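Undergrad: One structure, as structure tokens, below. Some questions next.
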Amino acid sequence: MIKKIISLHHWLGTFFSVLFLIWFLSGFVMMYHTFPFLSKNQQRAMLPQQQIDSILSPNSVFKNNNRDTIHNLSLNFQLQRPVFHLTTSSGKIISKYGDNGEMVDITDSTALSIAQENLKINSDATLTKLTELDQWIPRTRFLKHMPIYKVSFNNSNKTYTYISSVTGEVLATNTVSERFWSWLGAIPHWIYFKDIRIHNTLWFQLIVWLSSLGFLMVVTGMVTGIVRYKKKPNAKFKRFKNKWYNYHYYFGLFFGTFVCTWIFSGWMSMTPFSWTPSTSLTKSELHEWQKGDFLLSDISPKIWNNFLAKTNHQKIQEANFTLFDNDVFSITHLNTSSQLHNLNQLGEIPDTEKYSVSIQSFNTNNKVTNTSLLNEYDNYYYSRHNTKELPIIRVNTTNKISYYINPKTTKVVYKCATKNRIQRWIYHGLHSLDFSFLAWNRPLWDIVLFFLLIGGTIVSFTGTVLGYRFLKRKWNKKKHKKKKSTL
């Protein structure tokens, strides 16, 4: 049995040490550079500022879609024209101009103008109309925006910008520096090669199987190390005649636990077996939170006039509309600030008690234990780059579920159950060392992670050398047998 385990480690190590070496080397880059991603806040910050004057109500703009349940409704400006963006509960996106109610029409020239307006770049550009995903927009969520206009600016940063033909919005943007670091970091680390990533199931299964087999390789390596130790318990630093075996053995002995937890946490990042619940409200919870479905008819002429009165003579970048406790709210954004308005009951903004009562209505058996306003991140609602909004309201319940509510938007932004907490520690905790005593104490976090990644790199490199020699011996042995049989 032991011989089989050792043999399994030899074969797995031969093929997986190179992959591990790539993962550890790209891990150094991932500490400081990730795949270029345009967050909603970054997307909003690009938008032009415009004063709201005479704009049709969403009820009249989307009069043919009055029965659709609203998942998201926003208003912003493109080339000085107001545009409504409606996303239904089924995921359908409809964008119409707010001055005449016509469908958004994005041509080559308007796509280029929108890119220049949002990114404030006036240099020469090349425009390409994409009918399939490319390396910098490889996720299937972009498919509903097809065709997508790719604008390649000839500026110093060689900026790429992607414009939706459906909404006219900027979907993604990246520079030559971000692309360079992505090829060294995120793309090999996440196996984010376009031809693989565009196939969700294939990519998911590939990561899961590579991670699980890699984990098996590390476990069998640790067993092999224990067996080797028992054979020569008194040996010091020359347990093997081959120096590469010695390096691999001792560095594996010292860094084996880290390598094991690191690959295990990488595997858990994919949540295999779908063992964690969603971090968003369920349909029934959302229905209870809103006290019904959010429909266009909820934005009555009176509600719309209240919104226009609140934003009179104000310049904004975007306005969002949401429903909470049967009241329609607007959230207007300008630069880094936002304003929340209750359009049903002017001046009345929900307090923490009202949110607590709504959470309690989800399940009478899941009672609210405490409600608190957080001005700092906790262990589960946090961001190492300080991108998540504060303050946040946290409501804890007897079923060990925490609901995090953004008081600036009235929305539940994160729902955290016991399994989500476990996932947080075994993924972010073990993989990125997102422990409060490290992650918020730079450069201590950098030093510790560098030290561990160097150890993992050495273990992987020595394993790669041994794997090459292992295959070479097998090949020479096979060649020798073949030669002998022909004599």
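The values are calculated or read from the model by the stated rules, or taken from the named source; none is laboratory data. Quick caveat: nothing in here was measured; it's all calculated off a predicted structure. Every residue, glycine as well, gets a Cβ built from its backbone with ideal geometry; the counts of neighbours run over all protein chains shown. With ligands, DNA and RNA removed, areas are computed over all heavy atoms of the protein, side chains included. Shrake-Rupley method; radii C 1.70, N 1.55, O 1.52, S 1.80 Å.
Undergrad: Can we say His199 is within 28 Å of Gly256 (Cβ to Cβ) and open to solvent by 20 Å² or more (accessible area, probe 1.4 Å)?
TA: no
Undergrad: Residue check: is Ser432 in contact with a Phe, Trp or Tyr (Cβ under 7 Å, 6 or more places away or on another chain) and either open to solvent by less than 50 Å² (accessible area, probe 1.4 Å) or free of Cβ contacts under 8 Å to residues at least 12 places away in the same chain (or both)?
TA: In short, no.
Undergrad: Next question, about the same structure. Name every residue in the range 106-165 that is small (Gly, Ala, Ser) and over 25 Å from Trp183 (Cβ atoms), in order of residue number.
TA: Listed by number, the residues that qualify are Ser109, Ala111, Ser113, Ser164, Ser165.
Undergrad: Moving to a separate point now. Here is a check on your reading of the model: is Lys4 part of a strand (DSSP E or B) and without any contact (Cβ under 8 Å) to a residue 60 or more places away in the chain?
TA: no
Undergrad: So, in the range 269-317, exactly how many residues are over 30 Å from Tyr427 (Cα atoms) and outside any helix (DSSP H, G or I)?
TA: 14
Undergrad: Return the residues of the range 45-104 that are surrounded by fewer than 19 Cβ atoms within 10 Å (Cβ to Cβ), among the small types (Gly, Ala, Ser) and touching a helix residue (DSSP H, G or I) at 6+ places or on another chain (Cβ under 6 Å); say none if nothing qualifies.
TA: Gly101
Undergrad: Same structure, new question: Quick check: anything in the range 63-78 in contact with a Leu (Cβ under 9 Å, 6 or more places away or on another chain), closer than 17 Å to Ser300 by Cβ, aromatic (Phe, Trp, Tyr) and in contact (Cβ under 8 Å) with a residue 12 or more places away in the chain?
TA: No: the range 63-78 contains no residue that is in contact with a Leu (Cβ under 9 Å, 6 or more places away or on another chain), closer than 17 Å to Ser300 by Cβ, aromatic (Phe, Trp, Tyr) and in contact (Cβ under 8 Å) with a residue 12 or more places away in the chain.
Undergrad: Further question: Can you tell me which residues in the range 378-420 are closer than 21 Å to Ser265 by Cβ and surrounded by fewer than 15 Cβ atoms within 10 Å (Cβ to Cβ)?
TA: Asp378, Asn379, Ser383, Arg384, His385, Thr418, Lys419
Undergrad: Can you give me the number of residues within the range 47-66 that are assigned to a helix (DSSP H, G or I), modelled with pLDDT of 90 or more and touching a strand residue (DSSP E or B) at 6+ places or on another chain (Cβ under 9 Å)?
TA: Final tally of qualifying residues: 2.
Undergrad: Could you count how many residues in the range 289-331 are out of contact with any strand residue (DSSP E or B) (no Cβ under 6 Å at 6 or more places or on another chain), surrounded by fewer than 18 Cβ atoms within 10 Å (Cβ to Cβ) and either under 20 Å from Asp351 (Cβ atoms) or of a type outside the set (A, V, I, L, M, F, W, C) (or both)?
TA: Residues in the range 289-331 being out of contact with any strand residue (DSSP E or B) (no Cβ under 6 Å at 6 or more places or on another chain), surrounded by fewer than 18 Cβ atoms within 10 Å (Cβ to Cβ) and either under 20 Å from Asp351 (Cβ atoms) or of a type outside the set (A, V, I, L, M, F, W, C) (or both): 11 in total.
Undergrad: Okay, next question. Taking only the range 79-112 into account, find how many residues are more than 22 Å from Leu143 (Cα to Cα) and either in contact (Cβ under 8 Å) with a residue 12 or more places away in the chain or of a type in the set (Phe, Trp, Tyr) (or both).
TA: Counting residues in the range 79-112 that are more than 22 Å from Leu143 (Cα to Cα) and either in contact (Cβ under 8 Å) with a residue 12 or more places away in the chain or of a type in the set (Phe, Trp, Tyr) (or both) gives 9.
Undergrad: Ok, one more. Suppose we filter the range 138-182 for residues that are open to solvent by 20 Å² or more (accessible area, probe 1.4 Å) and within 24 Å of Trp267 (Cβ to Cβ); how many remain?
TA: Going through the range 138-182 one residue at a time, the tally reaches 3.
Undergrad: Separate question: Please determine whether any residue of the range 373-384 is assigned to a strand (DSSP E or B), charged (D, E, K, R), within 30 Å of Leu323 (Cβ to Cβ) and in contact (Cβ under 8 Å) with a residue 12 or more places away in the chain.
TA: Within the range 373-384, none of the residues are assigned to a strand (DSSP E or B), charged (D, E, K, R), within 30 Å of Leu323 (Cβ to Cβ) and in contact (Cβ under 8 Å) with a residue 12 or more places away in the chain.
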